[in-house]
Amino acid sequence: MAPLDASGMTGDPAADPAAFVLAGADGTSSLHLMVEGITCGACVQRIERALARQPDVASARVNLSTRRLVLAWRGGREQAAALVGTVERLGFRAVPFEPTGLDAGDRREERELLRALAVAGFGAGNVMLVSVAVWAGHAQDMGEATRALLHWVSALIALPCICFAVLPFLRSAWRAVRSGRTNMDVPIAVGVTLASAASLFETVRGGPHVYFDSAATLLFFLLIGRFLDRRVRAKARSAAERLLALRAEAASVLRPDGSVARMPAAQVEVGMTVLVAAGERIPVDGTVVAGASEIDTSLINGETLPAPVAAGAAVHAGMLNLAAPIRLRVTAVGEGTLLAEIVRLMELAEQRRARYVAIADRLVRWYTPAVHALAAAAFLAWHLGGGLAWQQALMIAVAVLIVTCPCALGLAVPVVQVIASGRLLRSGVLLKSATAIERLAQVTMVVFDKTGTLTAGAPALRPGAWTRDDLAAAAAVATASRHPLARALCRAADDGASPGTAVVPVTGVQELPGRGLQHDTPAGPVRVGNRAFCGVALEDSATDPELWLARPGRPAVQFAFRDPVRADAAAAIARLRSRGLRVAILSGDRAPAVAAVAAELGIEDWRAACSPQQKCDRLAALGAEGERVMMVGDGLNDAPALAAAFVSASPASAADVSQTAADAVFQGARLAPVVELLDVAGRADGLVRQNFLLALGYNVLTVPLAMAGVVTPLIAAAAMSSSSILVTGNAFRLLRGGRP
């Protein structure tokens, strides 16, 4: 791999891509590329469509957040250069994928935008002071020499700032034009360049009007939006990367001679025996052949309670061994593990979401060519048909470009998003996606995970036949364990204890993984654990998690636990239904536990024991039925479903992977923020559409006047600024209650 430059790309742009091709056993070849210049879902669609048209290409998938292109084709590595050339002819730079350089590239772009923003702000602020003097002079018969001097001062201040600050837009516009397409940066670059050039020309010839202030101020406000958008994209890093962090990098392999070798997990082979110590993350998929322990299975079923495992039990890479050492017979490694499959689900879901193109991206497909055509038509009509000198005709064309500059159109979405984000933030909700508002407004169904989402995510002791003395005796033994049920037992004992009667832990407690705790006393062992360990007959009807206390000469005492639903869960679901939304549950927990919560909340549509794949399949089926599903979940196993849903939300207590995959994260122990999120999104979407109508209506009124030569560039700049103020003022209505 060639060395990385500051952008995070390989320093050698001419590196032969064939050297990085992976050959498949079925005769196909694949290549992972990092594509520079991707800014939106439209870019993703353009690349995928162009590659799909190439012969022998089997698949081409682009991940918007990581900018990774996964390309597969039927044939050998000699086709790699031609396929990479297809991407580069579109105006994007493609190099071998190197994820370690991604953050460096984002930081470099942020620094460039911040420098451009600072320079534009300096230029706009200072040239505006000079412009105020010029405007006052127009009203007070300023002399031509004084006016010319002030114009030259404006040029000396503004031109260097404009030349530097416009570079991000010029680069983006040039890439688009060179590849035969347009984007919102094309009219911005053309308008700013022509306005600056025309202003310089007017300054040289002593003309009455220049427009340096308009160009510099426009750049300043546009760069604010561009910088904030880049910061949001940098924070919304691919959740798949966070899932990959769960992989163990090394494994302890038992050799045939009985010795143990520590080797990279990638070098472990199926059939080997792997030792996993207590507290260690499992590096491979396998079957337990020796030992008994408890495993954190939240990656698969989202449950906070560890699952006991013994010989014959299947375990998967990424799970955490909690209690005791175990030996595994390896059944899958690397890309064959369940963790790798979940990562693939995540990336596939993110790719599908990347295809959702925002309203502004859809409008720009026709807006930009139309603006340029109108400006060109105005120039030709006045110069060739109207007999005006080319300088005068050019000023009319510049007025058309300025009056149609997509400032209001560009602000229509961002200003509403900023205000909506601020309102939601005050309600404890953080928006993480640029298109979340638009998608949230279209939701027709809300699907919840159970544990940690509808419920508190932590077991609580239920009332029962036990006494305070029973609870104190059990808690004295349970203090020796970190098991969630033992912790809940101790919390209940502490909460119910009278002042000065805190639980006193006993010493010499032995913990038996998968069974319970034992404290040997002169009268006999005191045990706290499961039914079998405490000598209680098994019952198939038991649904809630439980611990038993067994003491010599006394009957066993049951402590049953329940993960309580959130305090406002019923009220939140009622409000969702009042909006006409369907509500369902998708959970990895056992059917009896899910059924109990569904019955308590009045939810008829529920499914239990769902794997991450089954959750994604169910969401896909609902989507095929026409539902726009909002997924709300918190567990590691929910991350693929959160990414696959039409839109998603996650509580702040969720796993980092789930928070990264979600479009929104809400704080607190209540579900009310989910309803608030949908309410604000509905109002914000209405305001966005109103803003587009205002911006387009403004153009319908002003473009004919500009083309008729009635509007000078100065008046055009004032009108353009007024439209931006109107759009911004309309967006502030979101801060008030009621419908927009």
Check your understanding: Residue check, Leu328 against (1) of a type outside the set (Phe, Trp, Tyr); (2) touching a helix residue (DSSP H, G or I) at 6+ places or on another chain (Cβ under 8 Å); (3) at pLDDT 85 or above, all met but one. Which one?
Key -> (2)
Point to revise | Matching option when the condition is over 22 Å from the mean Cα position of the chain (by Cα), among the β-branched types (Val, Ile, Thr) and not assigned by TED's automatic domain parsing to the domain that holds Asp449, among Val700, Val688, Val680, Val674 | key: Val700
Check your understanding: Which of the residues that make up region 653-672 are surrounded by fewer than 24 Cβ atoms within 10 Å (Cβ to Cβ), touching a residue at least 40 places away in the same chain (Cβ under 8 Å) and not in a strand (DSSP E or B)?
Key -> Ser653, Asp656, Gln667, Gly668, Ala669, Arg670, Ala672
Review point. Counting only residues that are without any contact (Cβ under 8 Å) to a residue 40 or more places away in the chain and among the acidic types (Asp, Glu), how many does region 522-545 have?
Key: 2
Review point. Are any residues in region 610-655 more than 25 Å from Arg670 (Cβ to Cβ) and of a type in the set (D, E, K, R), and if so, which ones?
Key: Asp617, Arg618, Glu625, Glu627
Practice item. Please specify each residue of region 623-642 satisfying the condition of being assigned to a helix (DSSP H, G or I) and in contact with a Ser or Thr (Cβ under 9 Å, 6 or more places away or on another chain). Key: Leu636, Asn637, Asp638, Ala639, Ala641, Leu642
Practice item. May I ask you to say which residue of Ala706, Ala731 is under 30 Å from Gly207 (Cα atoms) and at pLDDT 75 or above? Key: Ala706
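Yes/no per residue for (1) at pLDDT 85 or above; (2) of a type in the set (Lys, Arg); (3) assigned by TED's automatic domain parsing to the domain that holds Ala639; (4) touching a Ser or Thr at 6+ places or on another chain (Cβ under 8 Å):
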| position | (1), (2), (3), (4) |
| --- | --- |
| Ala236 | no, no, no, yes |
| Ser252 | yes, no, no, no |
| Val260 | yes, no, no, yes |
| Met263 | yes, no, no, no |
| Val288 | yes, no, no, no |
Review point. Over 30 Å from Cys610 (Cβ atoms) and at pLDDT 85 or above, is that true of Gln510?
Key: yes
**Study point:** Selection count, region 690-705, where residues are surrounded by fewer than 16 Cβ atoms within 10 Å (Cβ to Cβ) and not aliphatic (A, V, I, L, M)
**Key:** 2
Point to revise | Residue that is nearest to Phe692 (Cα to Cα) [pool: residues in region 425-437 that are surrounded by fewer than 22 Cβ atoms within 10 Å (Cβ to Cβ) and not small (Gly, Ala, Ser)] | key: Thr435
Review point. Quick check: anything in region 133-150 crowded, with 23+ Cβ neighbours inside 10 Å and under 23 Å from Leu394 (Cα atoms)?
Key: no
Practice item. Would you mention how many residues in region 582-615 are part of a helix (DSSP H, G or I), of a type outside the set (A, V, I, L, M) and at pLDDT 90 or above? Key: 3
Check your understanding: Do we have Arg554 as more than 30 Å from Gln518 (Cα to Cα) and at pLDDT 90 or above here?
Key -> no
Point to revise | Failed item, numbered, when Val153 is tested on (1) among the β-branched types (Val, Ile, Thr); (2) closer than 24 Å to Val400 by Cβ; (3) surrounded by fewer than 19 Cβ atoms within 10 Å (Cβ to Cβ); (4) modelled with pLDDT of 90 or more | key: (2)
Exercise for review: Taking Val274 as the residue in question, decide whether it is touching a Pro at 6+ places or on another chain (Cβ under 8 Å), in a strand (DSSP E or B) and over 30 Å from Ala593 (Cβ atoms).
Suggested key: yes
Practice item. Have a look at Ala621, Ala641 and point out the one that is without any contact (Cβ under 8 Å) to a residue 12 or more places away in the chain and farther than 30 Å from Leu394 by Cα. Key: Ala621
**Study point:** Identity of the residue in region 183-227, outside any helix (DSSP H, G or I) and touching a Lys or Arg at 6+ places or on another chain (Cβ under 9 Å), that ends up surrounded by the fewest Cβ atoms within 10 Å (Cβ to Cβ)
**Key:** Gly206
Review point. What residue, among those in region 43-59 that are free of Cβ contacts under 8 Å to residues at least 12 places away in the same chain and in a helix (DSSP H, G or I), is farthest from Gln79 (Cα to Cα)?
Key: Arg49
Review point. How many residues are within 16 Å of Leu223 (Cβ to Cβ), among the aliphatic types (A, V, I, L, M) and without any contact (Cβ under 8 Å) to a residue 60 or more places away in the chain when one looks only at region 154-197?
Key: 9
Review point. In region 148-163, is there at least one residue being within 19 Å of Ile188 (Cβ to Cβ), in a helix (DSSP H, G or I) and small (Gly, Ala, Ser)?
Key: yes
Review point. Of the residues that sit in region 9-36 and are crowded, with 19+ Cβ neighbours inside 10 Å and assigned to a loop (DSSP other than H, G, I, E, B), which one is modelled with the highest pLDDT?
Key: Val21
Check your understanding: Since Leu642 meets every condition but one in (1) surrounded by fewer than 22 Cβ atoms within 10 Å (Cβ to Cβ); (2) modelled with pLDDT of 80 or more, which condition does it not meet?
Key -> (1)
Point to revise | Residue tally, condition closer than 22 Å to Ala593 by Cβ and either of a type in the set (Lys, Arg) or surrounded by fewer than 21 Cβ atoms within 10 Å (Cβ to Cβ) (or both), over region 449-480 | key: 9
Study note, to complete from the structure: For helices (runs of 4 or more DSSP H) lying entirely in region 341-421, having 2 or more residues that are over 30 Å from Asp285 (Cα atoms), of a type in the set (Val, Ile, Thr) and modelled with pLDDT of 70 or more picks out 390-403
Check your understanding: So Ala80 fits all but one of (1) among the small types (Gly, Ala, Ser); (2) touching a residue at least 24 places away in the same chain (Cβ under 8 Å); (3) in a strand (DSSP E or B); what number is the exception?
Key -> (3)
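The values are calculated or read from the model by the stated rules, or taken from the named source; none is laboratory data. Quick caveat: nothing in here was measured; it's all calculated off a predicted structure. With ideal geometry, Cβ positions are generated from the backbone for all residues, glycine too; neighbour counts draw on all protein chains shown.
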